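I have placed the structure first, in the form of structure tokens, so that the comments after it can refer back to it.
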Amino acid sequence: MPRIDPKSKLGLFVSHVVPSVMRPMRVLWNEIIGFVFFVLAISMTPGIIRAYRELESPQGGMGRLMLAAGFMLMLLYFGITSFLRARKISRS
């Protein structure tokens, strides 16, 4: 792969433009991923409500409720940390 001479006009352009474009792209990427995780976590709410209602039935359903709630909490954690990472990148 050919290298770009940092002293050439193209090298100077790349060294100034690429960092200033990459930071907003990384922030936007983390915000999009955080939003997707939040949507997935919220979409699990009806299943958790359904599993909670099944607790009163004779079959039980504690395992299903615990699994769904744990998965939802994990998705919420990923969403929150993704937004915090985006904030950290934007402030640096």
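One table, with the values for the structure above:
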{"item": "Residue list for the stretch 3-23, restricted to those being at pLDDT 85 or above and either touching a helix residue (DSSP H, G or I) at 6+ places or on another chain (Cβ under 7 Å) or at positive phi (or both)", "result": "23"}
{"item": "Some residue of the stretch 7-24 being surrounded by fewer than 16 Cβ atoms within 10 Å (Cβ to Cβ) and outside any helix (DSSP H, G or I)", "result": "yes"}
{"item": "Hits in the stretch 50-65 - residues which are surrounded by 12 or more Cβ atoms within 10 Å (Cβ to Cβ) and in a helix (DSSP H, G or I)", "result": "50, 51, 52, 54, 55, 64, 65"}
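Table: residues versus (1) under 18 Å from the mean Cα position of the chain (by Cα); (2) not charged (D, E, K, R).
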residue: 7; (1), (2): no, no
residue: 20; (1), (2): no, yes
residue: 23; (1), (2): yes, no
residue: 27; (1), (2): yes, yes
residue: 51; (1), (2): no, yes
residue: 58; (1), (2): no, yes
residue: 70; (1), (2): yes, yes
residue: 77; (1), (2): yes, yes
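The values are calculated or read from the model by the stated rules, or taken from the named source; none is laboratory data. As the structure is a computational prediction, the values presented were derived from the model and not from experiment. Positions of Cβ are backbone-derived with ideal geometry, glycine not excepted, and every protein chain shown enters the neighbour counts.
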